[in-house]
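A.B. asks: Sharing a structure with you now.
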Amino acid sequence: MESCIFCKIANGEIPSATLYEDEDFRVILDLGPASRGHALILPKEHYKDLYEIPEELAAKAMKTAKKVVTAMTKVLDCDGYNLVQNNGEAAGQTVFHFHMHLIPRYKGDGVGLTWKPGELEDKTRDKILAEIRKYL
Ligand code: AMP
Ligand code: ZN
């Protein structure tokens, strides 16, 4: 993808604050961090989102997340971590090259990743289970 900024960053054509790199991924610090240490896992190949990325590579992204989060936690004095992966504009995706956010959390940091819990109604539950299970 010639015009994709994350393709250029992941493949080293544009310099970035790189924390880690292997044959499949580059892990960089986010330029607009939600918190101190906010990082992004970028596959070197272009896939728009979770729908497009091959299963194997998605699994490797999670392994990479574990590796990097473990290392970062030794250094950052964080109290927890959120892994966030947005798919589609409605979900807040702004760069359409698959990426996973690694967001260190600090007590009282005010980072907004929460929601107001709704209620799972019986009818909705049954419909969702019956319809989605057909595809699994
Ligand atoms: P998303 O909203 O999930 O698509 O996340 C895109 C993320 O990429 C945001 O957190 C941005 O701050 C970050 N971002 C965009 N451009 C760059 C860049 N050139 N270098 C590092 N991070 C970037
Ligand atoms: Zn790309």
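The values are calculated or read from the model by the stated rules, or taken from the named source; none is laboratory data. Note that the structure is predicted; figures quoted are calculated from it, not measured. Glycine gets a Cβ as well: all are built from the backbone with ideal geometry, and neighbour counts include every protein chain shown. Each accessible area value is taken on the protein alone, full model and side chains, heavy atoms only, with ligands, DNA and RNA left out. Shrake-Rupley method; radii C 1.70, N 1.55, O 1.52, S 1.80 Å.
A.B. asks: Given a 1.4 angstrom probe, I'd like the percentage of the accessible area of the range 40-136 that is carbon and sulfur, rounded to a whole number.
C.D. replies: C and S atoms contribute 56 percent here.
A.B. asks: Now for a different question. Hey, what angle do you get for helix 122-133 against the long axis of the chain, alpha-carbon based, 0 to 90 degrees rounded to 10?
C.D. replies: 60
A.B. asks: Right, another one. Sequence neighbours fewer than 8 away in the same chain don't count; with that in mind, list the lysines whose C-alpha is under 21 Å from LYS123.
C.D. replies: The reachable lysines, counting only those whose Cα sits under 21 Å from LYS123, are LYS134.
A.B. asks: Can you tell me the orientation of helix 55-75 relative to the chain, as the angle in degrees between its alpha-carbon axis and the longest Cα principal axis, to the nearest 10?
C.D. replies: 60
A.B. asks: For the chain, with every protein chain kept in place, what is the accessible area per residue (1.4 Å probe, Å²)?
C.D. replies: 69
A.B. asks: Looking at ASN86, ALA61, TYR135, which one has the Cα that reaches farthest to the positive end of the dipole of the range 27-136 (charges on Cβ: Lys, Arg +1; Asp, Glu -1)?
C.D. replies: Value: ALA61.
A.B. asks: Give the shape of the range 22-76 as rounded, prolate or oblate, defined through the alpha-carbon gyration tensor: a ≥ b ≥ c are the square roots of its eigenvalues, a/c under 1.5 means rounded, and otherwise the shape is prolate if a/b is larger than b/c and oblate if not.
C.D. replies: Prolate is the answer for the range 22-76, as a/c is 1.5 or above and a/b outweighs b/c.
A.B. asks: At 1.4 Å probe size, what's the solvent-accessible area of SER3? Round to the nearest 10 Å².
C.D. replies: 100
A.B. asks: While we're looking at this one, here's another question. Kindly rank 86-95, 41-50 from highest to lowest mean number of other beta carbons found within 10 Å of each residue.
C.D. replies: Order by mean packing, descending: 41-50, 86-95.
A.B. asks: Under the √(5λ) rule applied to the eigenvalues of the Cα gyration tensor, what semi-axes describe the equivalent ellipsoid of the chain? Give them in Å, descending.
C.D. replies: Gyration-tensor ellipsoid for the chain: 28, 21, 14 Å.
A.B. asks: Moving on. Based on alpha-carbon centroids, what's the gap between the range 1-52 and the range 101-136 in Å, whole number please?
C.D. replies: 26
A.B. asks: Please arrange MET100, MET1 by accessible surface area, largest first, computed with a 1.4 Å probe and ligands excluded.
C.D. replies: Ranked from most to least accessible, the order is MET1, MET100.
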